[in-house]
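Student: This is the structure, below, for whatever I ask next.
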Amino acid sequence: MPAKCKIFLWRLSKSFLPTFANLQQRRLPVRNTCPFCESCADSIDHLTFFCPTTLQILAYVGLPPVPAFHSNDFGETFAKWFTQQNKSQQLLLSVSYWAIWYARNKLVHEGVIARDSQGLIMTAGVDRAGGATRTPP
């Protein structure tokens, strides 16, 4: 698994990603709306559980979405669910979530819109079977 995906997963599990919701908690003036769907707050929960773009990408690569959690500890629930997957699914999940975050940042900072889930996943260098086609950019 690429190091950048491992670091990303660690940051995701600790809620250390600079989503607009996290930036707003640090009192930065941001427009707290998901850049993909523009219908909800841009939070870790929304990114991993509810965003239609995330759900579409996970469905495209044949992975179930992360189950909704019932505790206040997102990281613990996500880590438990992640470790229950086999190695191939872990790799595919890692790169898929990293690709979603990468596309989100391209949209936020450069205005570049990912056209569809296939293009996004190919950009990340993963095929539908979970094999790496190349190292992500």
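We did not get these values from a lab; they are worked out from the coordinates using the rules stated. Note that this is a predicted model, so its numbers are computed, not measured.
Student: So which lysines can Lys87 reach, going by Cα to Cα under 26 Å and dropping same-chain residues fewer than 8 places off?
Tutor: Partners found: Lys4, Lys6, Lys14.
Student: Find how much the distance from Lys6 to Gln84 grows on full extension, using 0.36 nm per residue of separation minus their present alpha carbon separation; answer in nm with one decimal.
Tutor: 26.4 nm
Student: In whole Hz, with x marking every Gly and Pro, tabulate ³J(HN,Hα) for the stretch 103-109 from phi via Karplus 6.51 cos²θ - 1.76 cosθ + 1.60, θ = phi - 60°.
Tutor: Values per residue, Gly and Pro as x: 5, 4, 5, 4, 5, 5, 9 Hz.
Student: Return the inverse of the average 1/r over all pairs of distinct C-alpha atoms in the stretch 3-106, which is the Kirkwood hydrodynamic radius, in Å to one decimal.
Tutor: So the Kirkwood estimate lands at 14.1 Å.
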